[in-house]
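Working notes for the structure below.
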Amino acid sequence: MKIAILKERRPHETRVAATPETVKKLKALGAEITIETGAGVAAAYTDQAYLDAGANIVPDAASAAAAGDIVFKIQRPMSADEGIGGGIEGGIDEMALLRSGQTLMAPLGALTNRPLIEALAAKGVTAFALELIPRITRAQSMDILSSQANLAGYKAVLLAANSFGRIFPQMMTPGGTLAPARAFIMGVGVAGLQAIATARRLGAIVTATDVRPATKEQVQSLGGKFVAVEDEEFKAAETAGGYAKQMSPEYQAKQAALVAEHIKLQDIVVTTALIPGRKAPVLVSEDMVKTMKPGSVIVDMAVEQGGNCPLSEFGTTVEKYGVKIVGPANLPAELPTDTSALFARNLLNFIAPMVDKETKALKIDLNDEVVKGTLVTQNGQIVHPSLSAPS
């Protein structure tokens, strides 16, 4: 089993798909690891550290890809159209480096990037889309979305604090008392929970909202106050799998009115709502922004998928109606050492059960729930049920 790690070349990306720690553990599974030179530098993992862990270092992406039967990546591979003349380092066509019979393990955005999935199938690449790892107990240690969202929620609050012209905690000084900031977290998933915890640690008064009733207790356990219209519809607003149900227009209107009143009093708003394969829902309208206090800050964690606030702009901070609106391009990549470490462990935990104990080769069990949930292409075909041919 030969594993290749390429340097990530998309804009705003600083992470790497393996660390010296996971290289050692992959080698213990029987793997040979080849890493492109400089792949981990932006995340503070040096070539020497990889060499010391037992990896081979090669001078370029082509050499690394050629040496691997399996390729690990943080980002989906670039096509010629993306990589040439698009402001991306080196102009490398990563798709051209992949070959028939190779296995790719990476987040692929499979539900929204059908041309990429079709291209991988056409090349004969066996591809696993890591963002599709099922939300089951056994797969928690493999869940890249959760591990990256956790640290992204933390970083979002730090960005808010950095853009805010006041302090977060109440502070009593000889010159008088400074009031604590008020932070409102919209969406109580993994990122939202970490944002609540971080804002509380910094001393803010924290409130949060979500349409899932089970999140109320989670918010309160972290010292936050829950904000929602808690009627009969709300109490039945969660599926058996823990996901939010589509709410009626009547409920949505009542909830929007409550949020609109609440948001007028807030200093910090962090929005975290994402829907897999769809545009992010609007949570903070332009009219709501107009009512916020001058100097307030919004951090839109969903800006890559269209944004929870229509005024946010990808990769920049804008000021509208006296409110700073932060649209971070890639929050996990702003903490690359730790996010790489978590991602690499997720990948290690993902591949380890597939390694045959006798032959040390990759053995794909199509009856395994994790495999079925993530395998998108095999033997020249698109095999994932959610990606069946469009009608």
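One chain, two ends: L178 and E232. Fully extended at 0.36 nm per residue, the span grows by 15.4 nm beyond their Cα-Cα distance.
Grab the Cα-Cα distance for D365 and E21, subtract it from 0.36 nm times how many residues apart they are, and report the gain in nm with one decimal.
Working: separation 344, 0.36 × 344 = 123.84 nm, distance 2.66 nm.
Computed gain between D365 and E21 is 121.2 nm.
Per residue, the accessible area of segment 48-138 comes to 40 Å², computed with a 1.4 Å probe over protein heavy atoms only.
Multiply the residue gap between A352 and K2 by 0.36 nm, knock off their C-alpha separation, and tell me the result in nm, one decimal place. If you can, show how the numbers build up before the last one.
Working: separation 350, 0.36 × 350 = 126.00 nm, distance 1.36 nm.
Fully extending the segment from A352 to K2 adds 124.6 nm.
For K324, the lysines whose Cα falls under 30 Å of its own Cα, not counting residues fewer than eight places away in the same chain, are K155, K216, K225, K254, K264, K279, K290, K293.
Spin-label model, H12 to L29: label points 7 Å out along the Cα-to-beta-carbon direction sit 3.0 nm apart. Within the same chain, lysines fewer than 8 places from K372 are excluded, and of the rest, those with a Cα less than 18 Å from its Cα are K363. As a size descriptor, the averaged projected area of the C-alpha convex hull of segment 283-341 was calculated at 4.2 nm². Per-residue ellipticity at 222 nm computed for the chain from its helices equals -9000 deg cm²/dmol, with DSSP H segments shorter than 4 residues left out and the rest contributing -39,500 (n - 2.57). Computed over neighbours whose Cβ is under 15 Å from that of K360, the net charge equals +1, Lys and Arg +1, Asp and Glu -1.
P(r) tail for the chain, what percent of Cα pairs lie past 39 Å? The answer is 23 percent, as a whole percent.
Can you tell me the FRET efficiency between A329 and K372 if r is taken as the Cβ-Cβ distance and R0 is 45 Å, rounded to the nearest 0.05?
Working: r = 33 Å, r/R0 = 0.73.
Plugging the Cβ-Cβ distance into 1/(1 + (r/R0)^6) gives 0.85.
Say a paramagnetic label sat at a point 7 Å from the Cα of L265, along Cα to Cβ; which residues of segment 188-203 have their backbone N under 18 Å from it? Backbone N within reach: 200.
Hey, could you get me the Stokes-Einstein D for segment 1-90, Kirkwood radius over alpha-carbon pairs, 4 °C and 1.567 mPa s, rounded to whole µm² s⁻¹?
99
Entry note, the chain: relative contact order of 18 percent, from Cα contacts under 8 Å with a spacing of 6+ residues. Rolling a 1.4 Å probe over the protein chains gives Y45 an accessible area of about 40 Å².
Excluding ligands and nucleic acids, what accessible area in Å² is computed for R212 using a 1.4 Å probe, to the nearest 10? Answer for R212: close to 50 Å² accessible.
For segment 48-200, the normalised intensity computed at q = 0.09, 0.12, 0.18, 0.19 Å⁻¹ comes to -0.49, -0.75, -1.14, -1.19 (log10 of I(q)/I(0), Debye sum over alpha carbons, equal scatterers, no solvent). Projected label points at S221 and R278, each 7 Å from Cα along the beta carbon direction, are separated by 2.7 nanometres.
Projecting the Cα atoms of T46, V289, Q220 onto the charge dipole of the chain (Cβ charges, centred on the Cα centre) puts Q220 farthest toward the positive pole.
Taking every alpha-carbon pair within segment 114-230, the share separated by more than 16 Å comes to 68 percent.
The apolar share of the surface of the chain, taken as the fraction of accessible area on carbon and sulfur atoms (1.4 Å probe, ligands and nucleic acids excluded), comes to 53 percent. Skip the ligands, DNA and RNA, and give the accessible area per residue of segment 250-339 with a 1.4 Å probe, whole Å². The answer is 44 Å² per residue.
At an R0 of 22 angstrom, the distance between the Cβ atoms of S248 and S285 translates into a FRET efficiency of 0.70. What angle do you read, to the nearest 10 degrees and between 0 and 90, between the alpha-carbon axis of helix 249-263 and the longest principal axis of the chain? Approximately 70 degrees, to the nearest 10.
As I understand it, the value is the acute angle between the Cα axis of helix 336-351 and the longest principal axis of the Cα atoms of the chain; what does it come to in degrees, rounded to 10? Helix 336-351 sits at roughly 50 degrees to that axis. Taking the Cα centre of segment 209-352 as reference, the dipole from Cβ charges on Lys and Arg (+1) and Asp and Glu (-1) amounts to some 100 debye.
Heavy-atom accessible area for K264, with the other protein chains in place and a 1.4 Å probe, reaches approximately 80 Å². Scaled against the 2.2 N^0.38 Å expected of a compact globular protein of N residues, the Cα radius of gyration of segment 282-391 reads 1.64. Modelled this way, with points 7 Å down the Cα-to-C-beta line, the labels at F314 and S386 are 2.1 nm from one another.
The values are calculated or read from the model by the stated rules, or taken from the named source; none is laboratory data. Since the model is a prediction, treat every value here as computed from it, not as a measurement. Neighbour counts are summed over all protein chains in view; Cβ atoms, including those assigned to glycine, are modelled from backbone coordinates with ideal geometry. Ligands, DNA and RNA are excluded from the accessible area calculation, which covers all protein heavy atoms including side chains. Shrake-Rupley method; radii C 1.70, N 1.55, O 1.52, S 1.80 Å.
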